[in-house]
Amino acid sequence: MKNILKNIITRILQWEAKLILDKYHPKIIGVTGSVGKTSTKDAIYRVLSKGGFSVRKSEKSYNSETGLPLTILGCQSAWNDPFGWLEIILYGLRQLFSNKPYPKWLVLEVGLEYPGDIKNILKWVKFDVAVTTLIPEVPVHMELFASKEDVINEKMLLPKSVTSEGIVLLNADDLNALKFVPEIKADIFTYGQNDKADYRAGMGETYYENKDGYDLPTGLEFTLYHSEKDLTVRIPGVVGNHQIYPVLSALALGEKLGLNMVEMADSFSDYLPPAGRLCLLAGIKDTIILDDTYNASPVAMSAGLTALESFHTKGRKIAVMGDMLQLGGMTVEAHKKIGYQAAEFCDLVITVGLRSRFIDDALVEKKFHRKRIKHFDDSVEAGKFLQSKLQPGDVIFVKGSQLTRMEKVVEEVMLHPELKDKLLVRQDKEWAKR
C-alpha cells in the first residue's frame, strides 16, 4: 500500500512539474555521472547565482523521479507525512495559476538507481545543457544492472538528449563518456586534467595554515588553463585532487554562458562545499577531520585515501572506513583494493560494517600490524574508540556508504558538535530516527 501511494504521489508531482516547465520555459542544466554530482551542481549554481542569473538548484541530493519534481516545484520532501505531501501537491496546483516570478534557470542533479530511471525522466524533462561527472570503472549501483556498460549507457542518455542548440560539457579524463561524442548533437566542450581538455586544470595542491605549531590543511588550489591563459583558483575547506572537477566544470560552463572567469574564480573565496564531501573540519585535541561521509564508491574512497596520504603532518594518518554498498560481484575485490592502498601509509585503520572486513583482510595480507586495525559493527562505537585514541596533529579520513552512518563517527570527534546541523550530512529529523 505504501509503495502504491508513493507511486501515485510521484506521478502527480511529475505531472505538476511538467506543467510548470511548460508554463515558464526555464533553461535546464542536467548534471549526471557517478562521482561528484552534488558538488558539481552546487558549484554551477554558485557561479550562476553570483553572476546575476535567476537560478534554482536541486536541494541536497534531490536527483530521483521524486526529487526532480520537488526541485521544479521549489519544495522540500515531506518524507512519511501524508498531509505534508498533500500540502506540496496543493502548492504545485497554486503555482500553475500564479503569476509569481519563476527562475530562468534550473540546475538539476540527475541520478540513477534503477534501470530506466533516466530514460523515464527524459520523457518529461528537456535539458538545454548537460554536464557529466566521472563515470569510473566500477560505477555505483552496479548490483542492479546486468553490466557496467548498461550503467554507462543509461547515464549518457542525458547528454545525448540535448539538441543541437544546447551545450554538453564532458569530463575529458573519462574515456567512458568520450566514447559517446559521435552520438551527441549539441556543442561539446571538455574539462579535466587531460592535455586535450578545452578547460584544463593542473594538479591540485593543499595549502596550510599554522595553528599552535601545527601546519593544518586549509583548502585546495589549482591552476586553470584555457585559451593560452592561466588562472589560480582557491577552494577553501576541501582537499583532494578530485575536488577540482566540480569547480572546473562550473567555471567552464559559466564562461560559455557569458560570465567572467576571474570574477567566477573569486566567488569561491568563501565557498562552503556540500557537507560530507571530503570537507575539512576541526577535530578535538588539535586534529583535522576529512569528512567524506556522504556516500562511498571505490573510486571516491581511493581518492580520499590519496588526499590523506598527501598531507604533511606531524601527527598520524588515520582512516575510518565503512562498507561500500551496491557493488554486486565486485564487493570483495573493491574492498580489498582499498585495504591494500591504506596499508601503504596509514598509521591506524578503523573499519565499520560486514563488508569492510575485506579491508581488514587486505591489511593483514600486506603485513599491516593487527594492533593498528580495529573493527566495529556500529559507527557510534567506532567514533567513541577513535575519540579515546586521538593525539594532537592527527588527520582523520572518514568515509562509508550512507547506511553505515559514518557521520556519527565525525560527530564524536568534531570540535564543534553544536554545529552538526550545518556541517554534517543526514541531520534531518527523519534520518535522526534511523
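With the requirement that a residue be open to solvent by 40 Å² or more (accessible area, probe 1.4 Å), in a helix (DSSP H, G or I) and not basic (Lys, Arg), what does region 397-422 give you? The answer is 402, 403, 411, 412, 417, 418, 419, 421. Checking 338, 373 one by one, the residue that is modelled with pLDDT of 95 or more, within 22 Å of the chain's Cα centre (by Cα), farther than 23 Å from residue 208 by Cβ and not acidic (Asp, Glu) is 338 and no other. Which one is nearest to the chain's Cα centre (by Cα) among residues in region 99-116 that are open to solvent by 30 Å² or more (accessible area, probe 1.4 Å) and either under 23 Å from residue 25 (Cα atoms) or among the hydroxyl-bearing types (Ser, Thr, Tyr) (or both)? The selected residue is 114. None of 71, 66 is of a type in the set (Ser, Thr, Tyr), more than 22 Å from residue 303 (Cβ to Cβ), open to solvent by less than 10 Å² (accessible area, probe 1.4 Å) and modelled with pLDDT under 95 except 71. For region 46-59, the count of residues that are surrounded by fewer than 23 Cβ atoms within 10 Å (Cβ to Cβ) and under 16 Å from residue 16 (Cβ atoms) is at least one. Scanning region 162-208 for residues that are in a strand (DSSP E or B) and in contact (Cβ under 8 Å) with a residue 40 or more places away in the chain yields 167, 169, 171, 189, 191, 192, 199, 201, 206, 208. Beta carbons closer than 7 Å, at least 6 apart along the sequence or on distinct chains, pair a first residue in region 146-160 that is over 13 Å from residue 119 (Cβ atoms) and among the basic types (Lys, Arg) with a second that is part of a helix (DSSP H, G or I) and open to solvent by less than 50 Å² (accessible area, probe 1.4 Å) for 148/142. Checking each residue in region 385-396 for being surrounded by 15 or more Cβ atoms within 10 Å (Cβ to Cβ) and either in a loop (DSSP other than H, G, I, E, B) or touching an Asp or Glu at 6+ places or on another chain (Cβ under 7 Å) (or both) picks out 386, 390, 393, 394. Looking across region 74-98, the residues that are aliphatic (A, V, I, L, M) and open to solvent by 40 Å² or more (accessible area, probe 1.4 Å) come down to 86, 90, 93. Within region 349-370, restricting attention to residues that are on the phi < 0 side of the Ramachandran plot, within 24 Å of the chain's Cα centre (by Cα) and of a type outside the set (A, V, I, L, M, F, W, C), the residue that is surrounded by the most Cβ atoms within 10 Å (Cβ to Cβ) is 351. If you take the residues of region 17-45 that are in contact with a helix residue (DSSP H, G or I) (Cβ under 7 Å, 6 or more places away or on another chain) and under 20 Å from residue 152 (Cβ atoms), which of them is surrounded by the most Cβ atoms within 10 Å (Cβ to Cβ)? Looking at residues that are in contact with a helix residue (DSSP H, G or I) (Cβ under 7 Å, 6 or more places away or on another chain) and under 20 Å from residue 152 (Cβ atoms), I get 31.
Listed here are the residues, each with its yes/no results for (1) buried (at least 18 other Cβ atoms within 10 Å of the Cβ); (2) touching a strand residue (DSSP E or B) at 6+ places or on another chain (Cβ under 8 Å).
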residue: 231; (1), (2): no, yes
residue: 235; (1), (2): yes, yes
residue: 243; (1), (2): yes, yes
residue: 254; (1), (2): yes, no
residue: 274; (1), (2): yes, no
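The values are calculated or read from the model by the stated rules, or taken from the named source; none is laboratory data. Quick caveat: nothing in here was measured; it's all calculated off a predicted structure. All Cβ positions, glycine included, derive from the backbone under ideal geometry; neighbour counts span all protein chains shown. To get the accessible areas, we keep the full protein, side chains included, count just its heavy atoms, and leave off ligands, DNA and RNA. Shrake-Rupley method; radii C 1.70, N 1.55, O 1.52, S 1.80 Å.
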